[in-house]
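Here's the structure, in C-alpha coordinates; my notes come after.
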Amino acid sequence: MSLLSFITHQSDADAIGFPGDMDTEPTRCGNVGNSMLYSYKDIVLPPPTTAHGTYFNGTNDDVENLDEYQEGGYHPIHINDFLDCERRYRVLHKLGHGGFSTIWLCRDHYLNKYVAVKVLTAEFGPDEVAEITILRHLDQNHPGARYIASPLDHFATRGPNGTHQCIVLPLLGQSCSPDLWLHLDDPAPVLRKLCSQVVQAMDCLHKSGIGHGDFRPANILIKLKDVDLLEEDELLSLLSAPEPGGVFASDGKELPPCSPRCLIPAADLSRLTARCLTEEICLIDFGESFLAASPPPDLGTPEGYLPPEMLIDDRNDPVGLTCDIWALGCTLIEIRLQMPLFYMLYGPDEVLNEMVSFFGKFPQHWWARWKQRQDFRDEDGKLFQRRVDVDGEPYNIDSILRGNRQVMTTVDGVLQVVKTMQFPPEEMLDLKDLLVRVCAYAPENRPSASQILRHRWLNDGPAGKIFAL
(Lines give C-alpha, C1' and ligand atoms only; values in the text may rest on other atoms or scores of the structure.)
Protein backbone atom coordinates (compact mmCIF):
# COMPACT_ATOMS: atom_id res chain seq x y z
CA MET A 1 0.00 0.00 0.00
CA SER A 2 1.40 3.40 -0.92
CA LEU A 3 1.84 6.12 1.67
CA LEU A 4 -0.84 8.30 0.01
CA SER A 5 -3.23 5.35 -0.16
CA PHE A 6 -2.68 4.58 3.51
CA ILE A 7 -3.36 8.17 4.59
CA THR A 8 -6.49 8.25 2.48
CA HIS A 9 -7.89 5.13 4.11
CA GLN A 10 -6.61 5.71 7.63
CA SER A 11 -9.25 7.16 9.97
CA ASP A 12 -6.55 8.80 12.06
CA ALA A 13 -4.11 10.22 9.52
CA ASP A 14 -1.90 11.52 12.33
CA ALA A 15 -0.68 7.96 13.04
CA ILE A 16 1.72 7.68 10.12
CA GLY A 17 5.48 7.87 10.04
CA PHE A 18 7.26 10.35 7.78
CA PRO A 19 10.92 10.22 6.82
CA GLY A 20 13.34 12.92 7.80
CA ASP A 21 14.75 14.38 10.98
CA MET A 22 12.36 15.79 13.59
CA ASP A 23 13.22 17.91 16.60
CA THR A 24 10.95 15.80 18.80
CA GLU A 25 11.25 12.04 19.13
CA PRO A 26 8.03 10.35 17.93
CA THR A 27 6.20 7.72 19.93
CA ARG A 28 6.04 4.25 18.41
CA CYS A 29 2.41 3.16 18.16
CA GLY A 30 2.31 -0.01 16.03
CA ASN A 31 2.91 -1.67 12.69
CA VAL A 32 1.10 -1.97 9.37
CA GLY A 33 2.53 -4.88 7.40
CA ASN A 34 6.28 -4.32 7.43
CA SER A 35 5.96 -0.57 8.00
CA MET A 36 6.54 1.05 11.37
CA LEU A 37 3.95 3.62 12.47
CA TYR A 38 4.64 6.56 14.75
CA SER A 39 2.49 9.22 16.34
CA TYR A 40 3.42 12.87 15.99
CA LYS A 41 0.37 14.16 17.87
CA ASP A 42 2.53 15.74 20.55
CA ILE A 43 4.59 17.77 18.07
CA VAL A 44 3.39 21.37 17.72
CA LEU A 45 4.89 23.24 14.80
CA PRO A 46 5.22 27.00 15.30
CA PRO A 47 2.95 29.14 13.10
CA PRO A 48 4.64 31.09 10.29
CA THR A 49 5.91 34.52 11.27
CA THR A 50 5.51 37.61 9.09
CA ALA A 51 8.26 40.05 8.17
CA HIS A 52 6.94 42.25 10.99
CA GLY A 53 7.47 39.51 13.55
CA THR A 54 3.79 38.66 13.99
CA TYR A 55 1.95 35.36 13.71
CA PHE A 56 -1.65 34.14 13.64
CA ASN A 57 -2.55 31.66 16.35
CA GLY A 58 -6.00 30.71 15.06
CA THR A 59 -7.16 27.40 13.65
CA ASN A 60 -9.25 28.60 10.71
CA ASP A 61 -7.55 28.92 7.33
CA ASP A 62 -10.29 31.09 5.84
CA VAL A 63 -8.68 34.38 6.79
CA GLU A 64 -6.63 36.93 4.90
CA ASN A 65 -2.84 36.78 4.69
CA LEU A 66 -1.38 38.40 7.80
CA ASP A 67 1.68 39.44 5.75
CA GLU A 68 -0.52 41.88 3.85
CA TYR A 69 -1.02 44.02 6.94
CA GLN A 70 1.75 46.43 6.03
CA GLU A 71 2.18 49.85 4.46
CA GLY A 72 -0.09 50.01 1.42
CA GLY A 73 -1.90 46.84 2.50
CA TYR A 74 -4.95 45.90 4.56
CA HIS A 75 -6.46 48.17 7.20
CA PRO A 76 -6.51 46.55 10.69
CA ILE A 77 -10.18 46.27 11.73
CA HIS A 78 -11.83 44.83 14.83
CA ILE A 79 -15.36 44.09 15.99
CA ASN A 80 -17.23 47.25 17.15
CA ASP A 81 -14.79 49.56 15.37
CA PHE A 82 -16.33 52.54 13.59
CA LEU A 83 -14.92 52.67 10.10
CA ASP A 84 -15.55 56.36 9.52
CA CYS A 85 -14.75 59.48 11.51
CA GLU A 86 -18.46 60.34 11.76
CA ARG A 87 -19.06 57.07 13.66
CA ARG A 88 -21.73 55.94 11.24
CA TYR A 89 -20.61 52.45 10.21
CA ARG A 90 -19.89 50.08 13.13
CA VAL A 91 -18.33 46.65 12.49
CA LEU A 92 -20.36 43.60 13.57
CA HIS A 93 -18.78 40.69 11.67
CA LYS A 94 -16.48 39.77 8.80
CA LEU A 95 -18.07 38.94 5.43
CA GLY A 96 -15.00 37.99 3.44
CA HIS A 97 -11.73 39.09 1.93
CA GLY A 98 -9.95 39.28 -1.39
CA GLY A 99 -6.46 40.07 -2.54
CA PHE A 100 -7.13 43.80 -2.34
CA SER A 101 -9.88 44.24 0.25
CA THR A 102 -11.67 43.00 3.32
CA ILE A 103 -15.48 43.14 3.55
CA TRP A 104 -17.37 43.75 6.77
CA LEU A 105 -20.93 43.49 8.05
CA CYS A 106 -21.69 46.87 9.58
CA ARG A 107 -24.54 48.70 11.22
CA ASP A 108 -25.40 52.01 9.56
CA HIS A 109 -26.35 54.11 12.57
CA TYR A 110 -27.74 56.93 10.42
CA LEU A 111 -30.26 54.79 8.53
CA ASN A 112 -30.56 52.04 11.16
CA LYS A 113 -29.86 49.24 8.70
CA TYR A 114 -27.23 46.61 7.95
CA VAL A 115 -24.74 47.14 5.15
CA ALA A 116 -21.58 45.59 3.73
CA VAL A 117 -18.49 47.81 3.70
CA LYS A 118 -15.62 46.94 1.40
CA VAL A 119 -12.32 48.34 2.71
CA LEU A 120 -9.63 48.42 0.03
CA THR A 121 -5.91 48.15 0.57
CA ALA A 122 -4.16 51.48 0.83
CA GLU A 123 -2.50 51.14 -2.57
CA PHE A 124 -5.71 52.31 -4.25
CA GLY A 125 -6.54 55.99 -4.61
CA PRO A 126 -10.08 57.35 -5.09
CA ASP A 127 -9.67 57.39 -8.87
CA GLU A 128 -8.77 53.69 -8.93
CA VAL A 129 -11.93 52.29 -7.33
CA ALA A 130 -13.95 50.60 -10.06
CA GLU A 131 -17.21 50.63 -8.08
CA ILE A 132 -16.98 54.43 -8.21
CA THR A 133 -15.22 55.24 -11.48
CA ILE A 134 -16.74 52.51 -13.67
CA LEU A 135 -20.26 52.25 -12.31
CA ARG A 136 -20.89 55.96 -12.70
CA HIS A 137 -21.34 55.07 -16.39
CA LEU A 138 -24.14 52.60 -15.58
CA ASP A 139 -27.55 53.30 -17.11
CA GLN A 140 -29.70 53.27 -13.98
CA ASN A 141 -32.87 53.32 -16.11
CA HIS A 142 -32.12 49.93 -17.65
CA PRO A 143 -34.27 47.14 -16.14
CA GLY A 144 -31.14 45.15 -15.35
CA ALA A 145 -29.71 47.90 -13.14
CA ARG A 146 -31.73 46.60 -10.19
CA TYR A 147 -29.61 43.44 -10.28
CA ILE A 148 -26.31 45.30 -9.94
CA ALA A 149 -24.81 46.26 -6.58
CA SER A 150 -24.28 50.00 -6.91
CA PRO A 151 -22.53 51.77 -4.01
CA LEU A 152 -24.72 53.30 -1.34
CA ASP A 153 -21.90 55.49 -0.05
CA HIS A 154 -18.14 55.79 -0.16
CA PHE A 155 -15.53 57.43 2.04
CA ALA A 156 -11.87 57.19 2.97
CA THR A 157 -10.41 56.17 6.31
CA ARG A 158 -6.89 56.74 7.52
CA GLY A 159 -4.96 54.03 9.35
CA PRO A 160 -1.42 52.91 10.17
CA ASN A 161 -0.99 51.36 6.71
CA GLY A 162 -2.22 54.34 4.71
CA THR A 163 -5.48 55.79 3.44
CA HIS A 164 -8.13 53.22 2.51
CA GLN A 165 -11.07 53.73 0.18
CA CYS A 166 -14.29 52.30 1.62
CA ILE A 167 -17.34 51.31 -0.45
CA VAL A 168 -20.71 50.86 1.24
CA LEU A 169 -22.88 48.22 -0.46
CA PRO A 170 -26.17 46.44 0.26
CA LEU A 171 -25.97 43.45 2.56
CA LEU A 172 -26.52 40.35 0.44
CA GLY A 173 -26.85 36.63 1.06
CA GLN A 174 -25.13 33.54 -0.27
CA SER A 175 -23.97 33.01 -3.83
CA CYS A 176 -26.32 31.52 -6.44
CA SER A 177 -24.31 28.26 -6.70
CA PRO A 178 -23.53 25.50 -5.74
CA ASP A 179 -25.73 25.06 -2.66
CA LEU A 180 -28.66 27.39 -3.26
CA TRP A 181 -30.91 24.63 -4.61
CA LEU A 182 -30.81 22.89 -1.23
CA HIS A 183 -32.86 25.77 0.22
CA LEU A 184 -35.50 25.77 -2.52
CA ASP A 185 -38.66 23.67 -2.47
CA ASP A 186 -38.84 23.54 -6.28
CA PRO A 187 -35.40 24.59 -7.52
CA ALA A 188 -35.73 24.46 -11.32
CA PRO A 189 -38.14 27.36 -11.98
CA VAL A 190 -36.44 29.57 -9.39
CA LEU A 191 -32.99 28.91 -10.82
CA ARG A 192 -34.18 29.68 -14.35
CA LYS A 193 -35.72 32.91 -13.06
CA LEU A 194 -32.38 33.85 -11.50
CA CYS A 195 -30.65 33.06 -14.80
CA SER A 196 -32.89 35.54 -16.58
CA GLN A 197 -31.95 38.21 -14.04
CA VAL A 198 -28.26 37.41 -14.52
CA VAL A 199 -28.56 38.02 -18.27
CA GLN A 200 -30.45 41.25 -17.65
CA ALA A 201 -27.63 42.45 -15.39
CA MET A 202 -25.06 41.74 -18.11
CA ASP A 203 -27.26 43.42 -20.73
CA CYS A 204 -27.36 46.53 -18.56
CA LEU A 205 -23.58 46.53 -18.17
CA HIS A 206 -22.85 45.99 -21.85
CA LYS A 207 -25.36 48.56 -23.05
CA SER A 208 -23.69 50.98 -20.64
CA GLY A 209 -20.33 50.20 -22.27
CA ILE A 210 -19.03 48.26 -19.26
CA GLY A 211 -17.39 44.84 -19.11
CA HIS A 212 -17.50 43.02 -15.78
CA GLY A 213 -14.23 41.12 -16.22
CA ASP A 214 -14.89 38.50 -13.51
CA PHE A 215 -18.38 37.24 -14.25
CA ARG A 216 -19.13 34.01 -12.35
CA PRO A 217 -21.55 32.65 -9.72
CA ALA A 218 -19.25 33.57 -6.82
CA ASN A 219 -19.94 37.21 -7.73
CA ILE A 220 -23.70 36.75 -8.01
CA LEU A 221 -25.37 36.84 -4.62
CA ILE A 222 -28.97 36.49 -3.49
CA LYS A 223 -30.77 39.54 -2.11
CA LEU A 224 -32.14 39.35 1.42
CA LYS A 225 -35.45 40.49 2.84
CA ASP A 226 -36.43 41.65 6.33
CA VAL A 227 -32.86 41.46 7.59
CA ASP A 228 -33.07 45.02 8.92
CA LEU A 229 -35.91 43.93 11.20
CA LEU A 230 -33.50 41.73 13.15
CA GLU A 231 -31.86 42.99 16.30
CA GLU A 232 -28.07 42.77 16.31
CA ASP A 233 -28.00 39.89 18.79
CA GLU A 234 -30.57 38.00 16.73
CA LEU A 235 -28.64 38.53 13.50
CA LEU A 236 -25.36 37.45 15.06
CA SER A 237 -27.07 34.43 16.58
CA LEU A 238 -28.26 33.37 13.12
CA LEU A 239 -24.82 33.91 11.60
CA SER A 240 -22.90 32.60 14.63
CA ALA A 241 -20.90 35.17 16.54
CA PRO A 242 -17.41 36.09 15.30
CA GLU A 243 -14.66 33.72 16.42
CA PRO A 244 -11.44 35.73 16.25
CA GLY A 245 -8.06 34.04 16.20
CA GLY A 246 -5.35 35.93 18.04
CA VAL A 247 -2.39 37.66 16.44
CA PHE A 248 0.79 37.88 18.49
CA ALA A 249 4.32 39.25 18.29
CA SER A 250 6.92 36.50 18.13
CA ASP A 251 9.13 38.37 20.62
CA GLY A 252 6.29 38.57 23.13
CA LYS A 253 6.17 42.37 22.95
CA GLU A 254 3.39 44.63 21.74
CA LEU A 255 2.10 44.23 18.20
CA PRO A 256 3.30 46.75 15.63
CA PRO A 257 0.70 49.40 14.64
CA CYS A 258 0.32 47.86 11.16
CA SER A 259 -1.07 44.61 12.57
CA PRO A 260 -4.57 43.70 13.75
CA ARG A 261 -5.01 42.10 17.17
CA CYS A 262 -6.89 39.20 15.59
CA LEU A 263 -8.09 37.71 12.31
CA ILE A 264 -11.75 36.78 11.92
CA PRO A 265 -13.20 34.00 9.72
CA ALA A 266 -16.05 35.11 7.47
CA ALA A 267 -19.67 34.68 8.49
CA ASP A 268 -21.68 31.98 6.72
CA LEU A 269 -24.42 33.98 5.02
CA SER A 270 -26.25 30.82 3.94
CA ARG A 271 -27.45 30.63 7.55
CA LEU A 272 -29.77 33.55 6.75
CA THR A 273 -31.31 31.76 3.80
CA ALA A 274 -34.26 30.06 5.48
CA ARG A 275 -35.51 33.31 7.00
CA CYS A 276 -34.39 36.03 4.59
CA LEU A 277 -34.09 34.43 1.13
CA THR A 278 -35.55 36.21 -1.90
CA GLU A 279 -35.73 35.16 -5.54
CA GLU A 280 -33.59 38.00 -6.82
CA ILE A 281 -29.88 38.23 -7.59
CA CYS A 282 -27.35 41.00 -7.27
CA LEU A 283 -24.10 41.20 -9.23
CA ILE A 284 -21.08 42.29 -7.20
CA ASP A 285 -17.30 42.78 -7.35
CA PHE A 286 -16.27 45.19 -10.08
CA GLY A 287 -12.58 45.07 -9.28
CA GLU A 288 -11.80 43.66 -12.76
CA SER A 289 -14.40 45.71 -14.65
CA PHE A 290 -13.48 47.91 -17.57
CA LEU A 291 -14.94 50.30 -20.12
CA ALA A 292 -15.47 48.63 -23.48
CA ALA A 293 -13.70 51.54 -25.17
CA SER A 294 -10.51 50.89 -23.19
CA PRO A 295 -10.24 47.18 -22.31
CA PRO A 296 -7.35 45.87 -20.20
CA PRO A 297 -4.58 43.71 -21.69
CA ASP A 298 -5.65 40.71 -19.62
CA LEU A 299 -8.34 39.45 -17.24
CA GLY A 300 -8.21 38.16 -13.68
CA THR A 301 -11.08 35.73 -14.24
CA PRO A 302 -10.53 32.13 -13.02
CA GLU A 303 -9.64 29.72 -15.81
CA GLY A 304 -12.98 27.90 -15.69
CA TYR A 305 -14.79 31.02 -16.89
CA LEU A 306 -12.27 32.33 -19.41
CA PRO A 307 -12.90 31.84 -23.15
CA PRO A 308 -10.38 29.84 -25.15
CA GLU A 309 -8.85 32.93 -26.74
CA MET A 310 -7.70 34.00 -23.26
CA LEU A 311 -6.18 30.58 -22.45
CA ILE A 312 -4.40 29.63 -25.67
CA ASP A 313 -0.59 29.90 -25.62
CA ASP A 314 0.97 33.04 -27.10
CA ARG A 315 -2.45 34.57 -27.40
CA ASN A 316 -2.90 37.79 -29.35
CA ASP A 317 -6.68 38.11 -29.05
CA PRO A 318 -7.91 41.29 -27.35
CA VAL A 319 -10.07 41.43 -24.24
CA GLY A 320 -13.64 42.48 -25.01
CA LEU A 321 -17.27 42.16 -24.00
CA THR A 322 -17.40 38.79 -25.73
CA CYS A 323 -15.21 37.44 -22.91
CA ASP A 324 -18.08 38.30 -20.56
CA ILE A 325 -20.48 36.46 -22.86
CA TRP A 326 -18.47 33.23 -22.66
CA ALA A 327 -18.37 33.57 -18.86
CA LEU A 328 -22.12 34.15 -18.92
CA GLY A 329 -22.65 30.82 -20.69
CA CYS A 330 -20.58 29.02 -18.05
CA THR A 331 -22.48 30.85 -15.32
CA LEU A 332 -25.97 30.07 -16.62
CA ILE A 333 -25.35 26.35 -16.77
CA GLU A 334 -23.69 26.40 -13.36
CA ILE A 335 -26.68 28.15 -11.78
CA ARG A 336 -29.16 25.74 -13.36
CA LEU A 337 -27.17 22.57 -12.61
CA GLN A 338 -25.65 23.93 -9.38
CA MET A 339 -22.31 22.58 -10.55
CA PRO A 340 -19.53 24.22 -12.60
CA LEU A 341 -19.31 23.49 -16.29
CA PHE A 342 -15.54 23.01 -16.02
CA TYR A 343 -15.21 21.07 -12.79
CA MET A 344 -12.20 19.63 -10.94
CA LEU A 345 -9.72 20.70 -13.60
CA TYR A 346 -6.21 21.92 -12.95
CA GLY A 347 -4.55 24.46 -15.18
CA PRO A 348 -5.51 26.03 -18.50
CA ASP A 349 -4.62 22.99 -20.60
CA GLU A 350 -7.08 20.73 -18.79
CA VAL A 351 -9.77 23.39 -19.27
CA LEU A 352 -8.95 23.69 -22.97
CA ASN A 353 -9.09 19.91 -23.33
CA GLU A 354 -12.55 19.87 -21.71
CA MET A 355 -13.71 22.61 -24.08
CA VAL A 356 -12.83 20.37 -27.02
CA SER A 357 -14.84 17.54 -25.43
CA PHE A 358 -17.86 19.84 -25.11
CA PHE A 359 -17.69 22.06 -28.19
CA GLY A 360 -15.39 20.33 -30.67
CA LYS A 361 -11.91 20.95 -32.04
CA PHE A 362 -10.62 24.52 -31.98
CA PRO A 363 -10.20 26.53 -35.19
CA GLN A 364 -6.84 25.74 -36.75
CA HIS A 365 -5.20 29.06 -35.84
CA TRP A 366 -5.92 28.32 -32.17
CA TRP A 367 -5.25 24.58 -32.43
CA ALA A 368 -1.74 25.20 -33.75
CA ARG A 369 -0.99 27.62 -30.91
CA TRP A 370 -2.16 25.20 -28.17
CA LYS A 371 1.26 23.73 -27.42
CA GLN A 372 0.11 21.07 -24.96
CA ARG A 373 -2.57 19.57 -27.22
CA GLN A 374 -0.34 16.59 -27.94
CA ASP A 375 -0.61 15.59 -24.28
CA PHE A 376 -4.35 15.00 -24.71
CA ARG A 377 -5.32 14.53 -28.36
CA ASP A 378 -4.18 13.59 -31.83
CA GLU A 379 -4.18 16.08 -34.69
CA ASP A 380 -7.79 15.20 -35.53
CA GLY A 381 -8.82 16.24 -32.04
CA LYS A 382 -9.52 12.72 -30.78
CA LEU A 383 -8.56 11.79 -27.23
CA PHE A 384 -5.64 9.42 -26.81
CA GLN A 385 -7.54 7.72 -23.99
CA ARG A 386 -11.25 7.11 -24.55
CA ARG A 387 -13.39 8.69 -21.84
CA VAL A 388 -16.93 7.61 -20.99
CA ASP A 389 -19.55 8.99 -18.62
CA VAL A 390 -21.51 7.11 -15.93
CA ASP A 391 -23.85 5.72 -18.59
CA GLY A 392 -20.96 4.30 -20.61
CA GLU A 393 -21.43 6.90 -23.35
CA PRO A 394 -18.58 8.99 -24.80
CA TYR A 395 -18.03 11.94 -22.49
CA ASN A 396 -19.37 15.18 -23.98
CA ILE A 397 -21.68 18.06 -23.17
CA ASP A 398 -24.68 15.69 -22.98
CA SER A 399 -22.96 13.83 -20.15
CA ILE A 400 -23.46 16.70 -17.71
CA LEU A 401 -27.01 17.47 -18.85
CA ARG A 402 -28.48 14.03 -18.12
CA GLY A 403 -30.09 12.74 -14.95
CA ASN A 404 -30.48 14.75 -11.78
CA ARG A 405 -28.74 15.99 -8.67
CA GLN A 406 -29.31 14.25 -5.37
CA VAL A 407 -28.42 14.63 -1.73
CA MET A 408 -28.17 11.40 0.23
CA THR A 409 -27.80 10.68 3.93
CA THR A 410 -27.75 7.67 6.19
CA VAL A 411 -30.95 7.05 8.15
CA ASP A 412 -30.88 4.13 10.60
CA GLY A 413 -27.89 2.72 8.78
CA VAL A 414 -29.58 2.90 5.36
CA LEU A 415 -28.45 5.33 2.65
CA GLN A 416 -31.48 7.36 1.53
CA VAL A 417 -32.12 10.16 -0.95
CA VAL A 418 -33.31 13.25 0.92
CA LYS A 419 -33.50 15.77 -1.95
CA THR A 420 -33.54 15.53 -5.73
CA MET A 421 -33.36 18.14 -8.50
CA GLN A 422 -34.46 16.88 -11.89
CA PHE A 423 -32.94 17.82 -15.26
CA PRO A 424 -35.87 17.26 -17.67
CA PRO A 425 -34.58 16.13 -21.10
CA GLU A 426 -36.67 18.65 -23.04
CA GLU A 427 -35.37 21.54 -20.95
CA MET A 428 -31.80 20.28 -21.20
CA LEU A 429 -32.03 20.26 -25.00
CA ASP A 430 -32.92 23.95 -24.92
CA LEU A 431 -30.18 24.67 -22.41
CA LYS A 432 -27.66 22.84 -24.59
CA ASP A 433 -28.77 24.86 -27.61
CA LEU A 434 -28.24 28.08 -25.66
CA LEU A 435 -24.85 27.02 -24.31
CA VAL A 436 -23.47 25.98 -27.69
CA ARG A 437 -24.49 29.32 -29.16
CA VAL A 438 -23.15 31.42 -26.30
CA CYS A 439 -19.87 29.48 -26.16
CA ALA A 440 -19.11 29.85 -29.84
CA TYR A 441 -15.38 29.72 -30.44
CA ALA A 442 -15.34 32.77 -32.70
CA PRO A 443 -15.94 35.76 -30.40
CA GLU A 444 -17.84 37.61 -33.09
CA ASN A 445 -20.34 34.74 -33.31
CA ARG A 446 -21.35 34.91 -29.65
CA PRO A 447 -24.79 36.46 -29.15
CA SER A 448 -25.27 39.65 -27.18
CA ALA A 449 -26.94 39.58 -23.79
CA SER A 450 -30.09 41.11 -25.26
CA GLN A 451 -30.21 38.30 -27.83
CA ILE A 452 -29.71 35.69 -25.14
CA LEU A 453 -32.71 37.11 -23.28
CA ARG A 454 -34.87 36.08 -26.23
CA HIS A 455 -33.79 32.45 -26.18
CA ARG A 456 -36.60 29.98 -25.56
CA TRP A 457 -34.85 28.44 -22.51
CA LEU A 458 -35.28 31.75 -20.69
CA ASN A 459 -38.83 32.25 -21.92
CA ASP A 460 -40.39 28.77 -22.10
CA GLY A 461 -41.28 29.73 -25.65
CA PRO A 462 -41.77 27.48 -28.68
CA ALA A 463 -38.98 26.46 -30.98
CA GLY A 464 -38.24 28.84 -33.78
CA LYS A 465 -36.00 31.83 -34.34
CA ILE A 466 -34.03 32.12 -31.17
CA PHE A 467 -31.89 35.18 -31.68
CA ALA A 468 -34.09 37.28 -33.92
CA LEU A 469 -32.77 40.84 -34.04
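Figures for the structure shown
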{"item": "Count - residues of region 339-383 that are over 30 Å from residue 188 (Cα atoms) and not in a helix (DSSP H, G or I)", "result": "15"}
{"item": "Within region 57-94, considering residues that are touching a helix residue (DSSP H, G or I) at 6+ places or on another chain (Cβ under 9 Å) and closer than 21 Å to residue 161 by Cα, the one surrounded by the fewest Cβ atoms within 10 Å (Cβ to Cβ)", "result": "73"}
{"item": "Residue pairs meeting the criteria (Cβ under 8 Å; at least 6 apart or on separate chains; first outside the structural domain of residue 65 (by the TED database), in region 243-254; second open to solvent by less than 100 Å² (accessible area, probe 1.4 Å))", "result": "none"}
{"item": "Residue under evaluation residue 161, criteria (1) touching a Cys at 6+ places or on another chain (Cβ under 7 Å); (2) farther than 17 Å from residue 285 by Cβ; (3) open to solvent by 20 Å² or more (accessible area, probe 1.4 Å), criterion not met", "result": "(3)"}
{"item": "Near pairs, Cβ below 8 angstrom, 6+ apart or cross-chain, from region 191-213 (of a type in the set (Phe, Trp, Tyr)) to any residue that is not in a helix (DSSP H, G or I)", "result": "none"}
{"item": "Residue list for region 133-145, restricted to those being touching a residue at least 12 places away in the same chain (Cβ under 8 Å) and either surrounded by fewer than 19 Cβ atoms within 10 Å (Cβ to Cβ) or not assigned by the TED database to the domain that holds residue 195 (or both)", "result": "137, 139, 142, 143, 145"}
{"item": "Subset of region 217-263 [in contact with a Cys (Cβ under 9 Å, 6 or more places away or on another chain) and closer than 13 Å to residue 57 by Cβ]", "result": "244, 245, 246, 247"}
{"item": "Number of the condition not met by residue 390 [criteria: (1) assigned to a loop (DSSP other than H, G, I, E, B); (2) under 28 Å from the mean Cα position of the chain (by Cα); (3) closer than 30 Å to residue 318 by Cβ]", "result": "(3)"}
{"item": "Residues of region 393-447 satisfying the condition of being more than 22 Å from residue 178 (Cβ to Cβ), under 25 Å from the mean Cα position of the chain (by Cα) and assigned to a helix (DSSP H, G or I)", "result": "436, 437, 443"}
{"item": "Hey, residue 315 open to solvent by 70 Å² or more (accessible area, probe 1.4 Å), among the basic types (Lys, Arg) and part of a loop (DSSP other than H, G, I, E, B) or not", "result": "no"}
{"item": "Residue check, residue 184 within 29 Å of residue 342 (Cβ to Cβ) and without any contact (Cβ under 8 Å) to a residue 12 or more places away in the chain", "result": "yes"}
{"item": "Options 122, 130, 116: the member that is open to solvent by less than 30 Å² (accessible area, probe 1.4 Å), out of contact with any helix residue (DSSP H, G or I) (no Cβ under 9 Å at 6 or more places or on another chain) and at pLDDT below 95", "result": "130"}
{"item": "Residue within region 40-51 that is at pLDDT below 75, open to solvent by less than 70 Å² (accessible area, probe 1.4 Å) and either in contact with a His (Cβ under 6 Å, 6 or more places away or on another chain) or hydroxyl-bearing (Ser, Thr, Tyr) (or both) present", "result": "yes"}
{"item": "Given (1) of a type outside the set (Val, Ile, Thr); (2) at pLDDT 95 or above; (3) not in a strand (DSSP E or B), index of the condition residue 92 fails", "result": "(3)"}
{"item": "Sole exception among (1) among the β-branched types (Val, Ile, Thr); (2) farther than 22 Å from residue 340 by Cβ; (3) open to solvent by less than 50 Å² (accessible area, probe 1.4 Å) for residue 418, by number", "result": "(3)"}
{"item": "Count of region 233-269 residues which are among the aromatic types (Phe, Trp, Tyr) and either open to solvent by less than 40 Å² (accessible area, probe 1.4 Å) or in a loop (DSSP other than H, G, I, E, B) (or both)", "result": "0"}
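Here is a yes/no grid of residues against (1) open to solvent by less than 30 Å² (accessible area, probe 1.4 Å); (2) of a type in the set (S, T, N, Q); (3) in the same structural domain as residue 83 (by the TED database); (4) not in a strand (DSSP E or B):
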residue: 151; (1), (2), (3), (4): no, no, yes, yes
residue: 156; (1), (2), (3), (4): no, no, yes, no
residue: 166; (1), (2), (3), (4): yes, no, yes, no
residue: 177; (1), (2), (3), (4): yes, yes, yes, yes
residue: 182; (1), (2), (3), (4): no, no, yes, yes
residue: 189; (1), (2), (3), (4): no, no, yes, yes
residue: 195; (1), (2), (3), (4): yes, no, yes, yes
residue: 202; (1), (2), (3), (4): yes, no, yes, yes
residue: 205; (1), (2), (3), (4): yes, no, yes, yes
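The values are calculated or read from the model by the stated rules, or taken from the named source; none is laboratory data. Computed from a predicted model, the values in this text were never measured in an experiment. Glycine gets a Cβ as well: all are built from the backbone with ideal geometry, and neighbour counts include every protein chain shown. Just so you know, the surface numbers come from the protein's heavy atoms only, side chains and all, with ligands and any DNA or RNA stripped out. Shrake-Rupley method; radii C 1.70, N 1.55, O 1.52, S 1.80 Å.
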